[in-house]
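Rule-based calculations on the coordinates, nothing more; no lab input. Since this is a predicted model, take the numbers as computed values, not measurements. In this analysis, Cβ positions are derived from the backbone assuming ideal geometry, glycine residues included, and neighbour counts consider all displayed protein chains.
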């Protein structure tokens, strides 16, 4: 058990980086931004699995050791508990008066009758057994609180089941994320910005649906700029030829269909530019820019590929500020995530972007090693920038984008049941109290002057023992003695003289 507790602590400790660092399965864009910002430190964290903590080797090792430790802890305890359920309550100690809680009652019943009355009073909540000692005294042994250990075992078994379900979920679940600009959509299965599937996922059985269109994305803010609500208005369809449907996706309220869940993860802006080259048709493009801070100061690129082999590509590095502030020398930043007179700062390059080289590139970065800078300007909506060859670049406006995550986990319902069982078992183990009491009932032999018709009487010795939470047992024991007096028709004890005098003085 000590080993399991240590491993559980290590598992919680190992989960901390997963909460502090962006995780590649959830938000690869933020991971890429972190790597670009932190350089060597970011590459070191990536090498040790800091951006995929829950899939790393070291986290899996702690997880497996905890799993084995719990099995080694639970199995012996279940055996012990099963034997305890079959066994009878312990025999009464020889000297009940030596127990911390004890009392004596004088009953006008025979020993057998008093034992039956006491058992009837205890039986609804206590396990009882009656024994006859060699001396002829009748004892009643009673115990309660067996469900405390049952709750403890339920908690640990549920925890073990939850660990199995989490492991199984990684085998049979998949998760994909995609950036969707207003006016566009995607289908599942399809092309994702990132996609992770368990080894046992059958791609032929993946749910087929489409987010046909991100109709609009709306973000509302309080007066101080604090976000209050994010809403993605989508049109979707289920299956290959499903009828279009409409829904709103908000934070913590995903769209659910065909066993999958579509979450709203992130959002940002996607500027639109038009490039007009002399003698050629205009080229318009909208690209998602990645936020760099809480005010959605965002960076991104545009790539216009020219004829292969001529090195006449045009590349634009951009910085989008929703609510701009000039920091001097033309450097801008945003002071609010709300779009109020936004500005797009552009740096124009010509040359070879490397797109035609056949090597995959990120759509969020521009390789300028084979390019020449030919212009730079801060543009408001509708403004243009001219390049030396007569090309003009116009900032047409912007749209918003939403990062949607598709998640499928067939173990989710069972994991919820396991979690509820864990809480139920934990509450049972904390609330239920283990208690033991014993009664020794002895016949009182009538004196020689009592006559043959003297009624039967018995002396009832009562002792109690708390298996846990002993601080509250004194009051419980007094209440139990009062119930036994009622069951055995024993008169309530007379008030002591000291108490009577004190009461009288108080009244005077």
If you line up the Cα atoms of the stretch 22-150 on their principal axes, what length do they span on each, largest first, in Å?
89, 27, 24
Between residue 492 and residue 91, the two model label points (7 Å from Cα along the beta-carbon direction) sit apart by a distance in nm of 3.9 nm
With each pseudo-label sitting 7 Å past Cα toward Cβ, what's the residue 478-residue 106 distance in nm, one decimal?
2.3 nm
Paramagnetic label zone (point 7 Å from Cα along Cα-to-C-beta, residue 224; backbone N under 20 Å) in the stretch 303-338
335-338
The stretch 262-299 scanned against label point 7 Å out from residue 362 along Cα→C-beta; backbone N under 15 Å for 288-293, 298-299
Options [x] 79, 25, 20; [y] 39, 26, 20; [z] 58, 34, 22 are given for semi-axes √(5λ) of the Cα gyration tensor in Å, and the computed one is [x]
Between helix 497-507 and the chain: long-axis angle, C-alpha atoms, 0 to 90°, nearest 10:
60 degrees
Based on the mean of other Cβ atoms within 10 Å per residue, sort peptides 342-351, 17-26 so the most packed one is first.
342-351, 17-26
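Find the Cα radius of gyration of the stretch 270-400, compare it with 2.2 N^0.38 Å by division, and give the number to two decimals. Intermediate results must be reported in sequence, preceding the final value.
On the way: Rg = 14.5 Å, N = 131, 2.2 N^0.38 = 14.0 Å.
Taking the Cα Rg and dividing by 2.2 N^0.38 Å, one obtains 1.03.
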In what order do 411, 37 fall by count of nearby beta-carbon atoms within 10 Å, going from fewest to most?
37, 411
Highest to lowest packing among 294-306, 122-134, scored as the average C-beta count within 10 Å:
294-306, 122-134
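Can you compute the helix-only [θ] at 222 nm over the chain? Use -39500 (n - 2.57) per DSSP H run of at least 4 residues, normalise by all residues, nearest 500 deg cm²/dmol. List each step's numbers first, then the result.
Values: 9 runs with 153 residues, N = 508.
Rounded to the nearest 500, the figure is -10000 deg cm²/dmol.
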Report the calculated FRET efficiency for residue 238 and residue 281 (r = Cβ-Cβ distance, R0 = 51 Å), to the nearest 0.05.
0.85
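P(r) tail for the stretch 177-290, what percent of Cα pairs lie past 24 Å? Working shown, then result.
On the way: 2483 of 6441 pairs.
In whole percent, the long-distance tail amounts to 39.
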Could you line up 332, 437 from fewest to most neighbouring Cβ atoms inside 10 Å?
332, 437
If I fit a long axis through the Cα atoms of helix 2-20 and take the longest principal axis of the Cα atoms of the chain, what angle between them do I get, 0 to 90°, rounded to 10?
30 degrees
Round to the nearest 10 and give me the degree value, 0 to 90, for the angle of helix 111-122's Cα axis relative to the longest principal axis of the chain.
20 degrees
For the stretch 1-87, one quarter of the surface area of the C-alpha convex hull, expressed in nm², comes to 6.8 nm²
Using only the alpha carbons of the stretch 123-199, what is the convex hull's orientation-averaged projected area in square nanometres?
10.8 nm²
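Applying 1/(1 + (r/R0)^6) with R0 = 60 Å to the Cβ-Cβ distance of residue 336 and residue 78, what FRET efficiency is obtained, to the nearest 0.05?
Numbers: r = 59 Å, r/R0 = 0.99.
For residue 336 and residue 78, the calculated efficiency is 0.50.
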